[in-house]
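Trainee: My questions all concern the structure below.
Derivation of every value follows stated rules applied to the coordinates shown; laboratory data play no part. Because the structure is a prediction, the values reported are computed rather than measured. Cβ atoms come from the backbone with ideal geometry, glycine included; neighbour counts cover every protein chain shown.
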Amino acid sequence: GRRVVFMGDDTWEGLFPKKFFRSYFFPSFNVKDLHTVDDGILQHLYPTVDSGEWDVLIAHFLGVDHCGHKHGPDHPEMAKKLTQMNEMLRSLVDHLGNDTLLLVAGDHGMTETGDHGGDSEKEVNAALFVYSRTPLFGSGPPEEPETIPQVNLVPTMALLLGVPIPYSNIGEVMAELFSGDGDAVSAALQQLSVYHINAKQVDRFLQSYSLVAQDLPAEQLQHLRELFSSAVEEHTQLLAQVQGTTGLPRELESRLGSLIGRFQRYLREARAVCTQSWARFHPLRMAGGCILIASSCLLCYTVSELAASSHSFCRSCLLYPLPWVLVGALLGLAHVFTQKGLDLLLVSSWAAAASQLGFFWHWWGRHPKRARLAGSQPPLASGGLRQRLRAWLGLAFPMGILLFRCGAMFSDSFVVAEARVAPFLLASLVMLLVGKLHWDGRLTVPESPKQQLLGFSSYRREIWYLLCLVAMLLVCVRLSSFFHQCREEIPQCRPSVFLSPLASLRNTRAKNLFYLLCVALLAGLVYAVQSWLRHYGNLNSSDPLVLFVRWGFPLVVLCIACYWAVASSADDSLGKLQELVQVAVVVFPRAVYGLASVGLLLLLCNPLTVFAKDTRESAGSIVTPYLGVPSSEVDFLHVIPQIYKRMQESQRSRLERGSCRATVAAYGLGSVYSAALVIALTLLGFLLMLLHSERLSFAFLLLFVEAFVLLHIHTCARGLAGDAEPFSVPWYAVISWLLAASQFFYSTGHQPIFPAIHWNAAFVGFHLDHSTNLLPAVLVGANTFASHILFAVGCPLLLLWPFVCEMSNSQRKKPKKESREELQEVEERMMEMRLRESPEKFSTALLRLGLKYLFVLGAQLLACVCAAMILRRHLMVWKVFAPKFLFESLGFVVSSICLLLGISLVMRVDCAVSTWFSQLRLR
Amino acid sequence: MREAEIRRLLAANLLCALSIVLAALVPAFFVDGFSVLGTHLTWLCVCSVCVATLNIILHLVLKPSQSPKRSSFAHKISRFLKCCIYFFMSCILFHAIIVLYGAPLIESVTETFLFAVLLSTFTTLQCLCLLGPNIQAWIRVFSKNGAMSIWESSLQITSVCSILGAWFGAFPIPLDWDRPWQVWPISCSLGATFGYMAGLIIAPLWIHWNRKQLTYKSR
């Protein structure tokens, strides 16, 4: 009910909108602007003071702070500013009435450079100046005033104004201001009552706080409680005495004094307890966590390198630490029992640490043996050394980019600008890749002697393909920057128009246009996926999954389109249909959820998209898988003549060769694995698009295109580099894949800050009612980490894609004519079946890929954690580093789970292929 | 022979570096209020023109590459025209790449284009001077063991250094120091310039130290 007048910094407007009786806000953002705020205040200050229409007047002068930031404390500007403030105070004092209290307080000090936000002595100390026309202190002012915590201002001000102390206050009143003008006893009595009120309030707060949160230590609470109750008891006794008799003032005064002391002690201890348990960091635990993450990263790296060398050793290495987990858990339990209370976190971290120790010990124990083994053959060792050196140099460039990325986590500006940093690094990585390939001479045709003579060399033809891909990638990366959300740290940034839902568009024509574009885009995506599958012959069988791809996908698109139509239509235009719309808004998304889950289930049950035509007659014949595209535009309907033809051919071949060789033609066997992954990705993509606002589907299109282009670049670069190891995925591919993932985190309209979360996603398909918190959490999480999910599930494609693309290359050389292939040609078309040739290698390759992915993810997480730990006293920690850390760690969890899902999907396909083969053999 | 050539290279490179320094200092006497940061566009123009003319003059004086066999007047003219077209195309290409790397598309087009011109003078123009409008020779020079003389090695080093410098120049842009040189494209062009100068100085030294290993193929 009091009239609060404010003048100064316009940040207050955001903090307390419409709370002031009257206010004069001035822009405060520009640190270089020393005078706007101050001059504005000075203009209004004296008239307002004189008018008397206020109970509290807050004047927030900002010039000194800005001046400190800009020039530092020892600058002539600062002297000017301080003089101005002095003048202001001097004249303000003349304007004050007799019943006015003037408090001049600084919210912080400054360092030698004029900055603040840390916890150094100079930064956290500021002056407090109290002035009133009427004498405040009974006795003379104290010689050396004590330091007063800032929280004490709150209860003091509240009680002086005659309003209740705010509920969550833990400060202590400044008793000197309550001494009044009477004698010592009455002053003490007044102070006592003030202390009593304050103590009661703090006690109430601590009571209710300890009921909801357990972070205050129990015994200390108990102690406080006792202190409080005894003080209150004595207080009531004393009051009764005072009313009854007017005893010796001297004795009374001393008793009053001691009681005040007890209240003071209570308040101070309460504050100490609170500050201790609230602003508490566990440096030991933080360091421990960092070390755990770092050693996990190291483990991922070593295992991924180790798996290449020897499989069995690797397996033993991985199994060996398992008993150590138990040991670690026991150790953790023992540790926990020495202290009280079971801490699950501690136990699990002990277990993890012990198992990692076990692994490293085991690995180290084996390592010298290997070294000795290598030492027995000196020439090989030196060659190995040189090779290793070269390998290290090759690693340097993708790792350098990763290093830049991790280093960027330590600067708040770079975290703020990460939406631009990730694409920049991705583009650099790809350009570097091309440059390196060129530098190594991989792009040029091996020079003929004649050309060498001239010093000329010409490019291979594939280079144009590669360059086009790179250009496409760069264009995708650039276009994706149109979908960014803004952070408040960059005031000139405008959020992308694509982020707002279509319903918010006023212009009907634009709305319709965008709607049609979005739907066309969905249809195009389905068409692209279907034609890709058809191209690789995965759409020929009549399995439920294939049928789902043929008919379910368009249905899903239809549902999404209907949902968008209903959701984006204007609310009032439909009138009577309102109820129908309400139903439709819920039904269509649910239909999409249902269809997508049916699709995923089908994918799990029978992930094979192979169409087999059995043309054998006798059992025990050799199986030659017929791979790849149907010879003509074979459609499902035209299969019968094909079979006939094939039967003829096999008959003829049998006659010609005189052997019992027959064929089983299996369409799409060469890309079973990728087909399953592509189908899963498309389904997930539909789901995630549904959760985003309509126009972000453009961003998703870009995502799919960019992933596709990245895969092709990877394949192409690998073909050009002539890698000897087809089963290992190079680091640059993994890192670029992850960079793209974080790039699209931003390009789907997200930022690692809480206001940027798309809460709308929780209500897609659920109309404002959630029984549990789980479902909305899943929906919002899926929305936030959409790109993490897609890229992590698609990660195995990095391994599979080069095998898939193998065919198209060989086919260009020999168009069609595939009925009778020589054995060699069959070899050429093995595609993903090459993976099946050596199952050991296949599983190792999958493991290595997963570990590499985890390593890169873990390195990013480690950088984030370290940044949050080291900079925990930084000015921006709660604005930038802590949210970034939270988002990054959640993203890590989501990514690793999805990575596991993707890999297990591949394994599932592998199992299905095995059973399929065994069935063929049995028949 | 080799020593003398390295000395000539060093002298030429030092001249180039000196010209850049002068381009930053001298115009202040003629143009009012000229400074590298304040009137950045002017400086970009001046610097590119200076480096370009000096390079062409040096090329004409020193003649590091052998002169073409046919040297009719018409041939020279066509060569010159080709060079111009190549230079212009490289400017456009650099501009496109810079925009794809995240430079603003519509705002500050002039700045971006002048930056592209600067980069082209540091890289393409040198190629043109040394190798002529002969893409194949360029390709050859920018691959491992592709350089055939110390001039070409120097070309390799300076070009790579200037592009690296421009790349590193992008790093301070997001920082919140509020310095005048953090504005696009000042830090990048400064980075490119410093990279170029560093390349100019490093190249002769590197060649000098590695002169044993550097065995150029004879033509």
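Trainee: Would you please put A:491-497, A:778-784, A:676-682 in order of how densely packed they are, using the mean number of other Cβ atoms within 10 angstrom per residue and starting with the highest?
Mentor: Top of the packing list down: A:676-682, A:778-784, A:491-497.
Trainee: Can you pull the one-decimal nm distance between simple spin-label points at A:A287 and A:N98, each 7 Å off the Cα toward Cβ?
Mentor: About 6.3 nm separates the two model spin labels.
Trainee: Counting only other chains, and only Cβ atoms inside 10 Å, what mean value do you get across the residues of B:166-175?
Mentor: 4
Trainee: What ranking, highest mean first, results for peptides B:129-135, A:403-409 when packing means the other Cβ atoms within 10 Å averaged over each residue?
Mentor: A:403-409, B:129-135
Trainee: On a 24 Å Cα-Cα criterion, which of the cross-link pairs A:K81/A:K122; B:K144/B:K212; A:K80/A:K879; A:K436/A:K852 come out too long?
Mentor: Beyond 24 Å between Cα atoms: A:K80/A:K879.
Trainee: Would you please put A:8-16, A:845-853, A:356-364, B:200-208 in order of how densely packed they are, using the mean number of other Cβ atoms within 10 angstrom per residue and starting with the highest?
Mentor: In decreasing order of mean packing, A:8-16, A:845-853, A:356-364, B:200-208 become A:845-853, B:200-208, A:356-364, A:8-16.
Trainee: Continuing with this model, one more query. Name the shape class, rounded, prolate or oblate, that the alpha-carbon gyration tensor gives for region B:1-124, where a ≥ b ≥ c are the square roots of its eigenvalues, rounded holds for a/c under 1.5, and otherwise prolate holds if a/b is larger than b/c and oblate otherwise.
Mentor: Judged from the Cα gyration tensor, region B:1-124 comes out oblate (a/c at least 1.5, b/c at or above a/b).
Trainee: Next question. Please work out how much length the chain gains when fully extended from A:E13 to A:H535, using 0.36 nm per residue of separation minus the C-alpha to C-alpha distance, in nm with one decimal.
Mentor: Result: 181.8 nm gained on full extension.
Trainee: Taking the Cβ-Cβ separation of A:E226 and A:L886 as r and a Förster radius of 35 Å, what is the calculated FRET efficiency to the nearest 0.05?
Mentor: It comes out at approximately 0.35.
Trainee: Okay, next question. Say each of A:S542 and A:V497 gets a label point 7 Å from the Cα, pointing the same way as Cα to Cβ; how far apart are those two points in nm?
Mentor: Calculated label separation equals 5.1 nm.
Trainee: In addition: Provide a whole-number value for the mean count of partner chain Cβ atoms within 10 Å of the Cβ atoms in peptide A:419-428.
Mentor: The shielding value for this peptide is 3.
Trainee: Give me the one-decimal nm value for the distance between modelled label points at A:E87 and A:R872, 7 Å along each residue's Cα-to-Cβ direction.
Mentor: Taking the simple label geometry, A:E87 and A:R872 are separated by 4.7 nm.
Trainee: Per-residue Cβ counts within 10 Å, from other chains only, averaged over B:146-157: what number is that?
Mentor: Taking all residues of B:146-157 together, the mean is 1.
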